[in-house]
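Here is the structure we will look at, set down as structure tokens.
The values are calculated or read from the model by the stated rules, or taken from the named source; none is laboratory data. No experiment lies behind these values; they were computed from the predicted model shown. In this analysis, Cβ positions are derived from the backbone assuming ideal geometry, glycine residues included, and neighbour counts consider all displayed protein chains. Heavy atoms of the whole protein, side chains included, go into the accessibility calculation; ligands, DNA and RNA do not. Shrake-Rupley method; radii C 1.70, N 1.55, O 1.52, S 1.80 Å.
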Amino acid sequence: GPPAARHPHPHESAHLHVSGEALYVDDLPELARTAHAALGLSTQAHARITRIDLDAVRAMPGVIGVLTAADLPGPNDCGPIVHDDPILAAGEVHYAGQPIFAVIAETHDAARRAARAAAIDYAPLPALLDPLEAARQQSLVLPP
């Protein structure tokens, strides 16, 4: 069986790290025709998305495709324990920089440039900045 407690348990790639032979993603050659992704991020901290027009994004040079929450085949959630963390915002954004869509393109630069071409309109929602007011409105991160 495995070694008992109080005995060393070397990491499975320790010899590669120590010898300098460990490969990291940046060390690997990029395969031909590798696609690159960039995220379109919310400019608002708390708002309802009233319009999202990604036609200009799709028309940018090198763009292969654009994904929104509606395109995800499974649950739109990446919360590991409490399942309340959307992968891509759908309808509302809850923080500035929240991902709304993903652009897949032929190069990283093309994906980043295309992500900035989106036209998104927002209806701002009130921010709760006081913990007592948030408690009064039952706006809690987790139940007490």
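A single member of A70, A4, A45 is among the small types (G, A, S) and not in a loop (DSSP other than H, G, I, E, B), and it is A70. The single condition among (1) under 14 Å from G40 (Cα atoms); (2) open to solvent by less than 70 Å² (accessible area, probe 1.4 Å); (3) not in a helix (DSSP H, G or I) that A111 does not satisfy is (3).
Against the definition (aliphatic (A, V, I, L, M) and assigned to a loop (DSSP other than H, G, I, E, B)), how does A38 come out, yes or no?
Answer is no for this residue.
For every residue, the table says whether it meets (1) of a type in the set (K, R); (2) surrounded by 14 or more Cβ atoms within 10 Å (Cβ to Cβ); (3) modelled with pLDDT of 95 or more; (4) within 19 Å of the chain's Cα centre (by Cα).
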| position | (1), (2), (3), (4) |
| --- | --- |
| A59 | no, no, yes, no |
| V63 | no, yes, yes, yes |
| H83 | no, no, no, yes |
| L88 | no, yes, yes, yes |
| R116 | yes, no, yes, yes |
| A127 | no, no, no, no |
| L132 | no, no, no, no |
| Q137 | no, no, no, no |
| P143 | no, no, no, no |
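The single residue among P86, P61, P29 that is in a loop (DSSP other than H, G, I, E, B), over 30 Å from S139 (Cβ atoms) and either among the β-branched types (V, I, T) or touching a residue at least 12 places away in the same chain (Cβ under 8 Å) (or both) turns out to be P61.
Taken over the range 100-144, the criterion of being in contact with a Ser or Thr (Cβ under 6 Å, 6 or more places away or on another chain) and without any contact (Cβ under 8 Å) to a residue 60 or more places away in the chain is satisfied by L128 alone.
Evaluating S13 against the criteria (1) small (G, A, S); (2) open to solvent by 70 Å² or more (accessible area, probe 1.4 Å); (3) modelled with pLDDT under 95 leaves one unmet condition, (2). For H17, the criteria (1) more than 25 Å from D121 (Cβ to Cβ); (2) part of a loop (DSSP other than H, G, I, E, B) hold in every case but one, which is (2). Checking every residue in the range 33-54 against the condition of being farther than 30 Å from V93 by Cα and exposed (fewer than 10 other Cβ atoms within 10 Å of the Cβ) gives at least one match.
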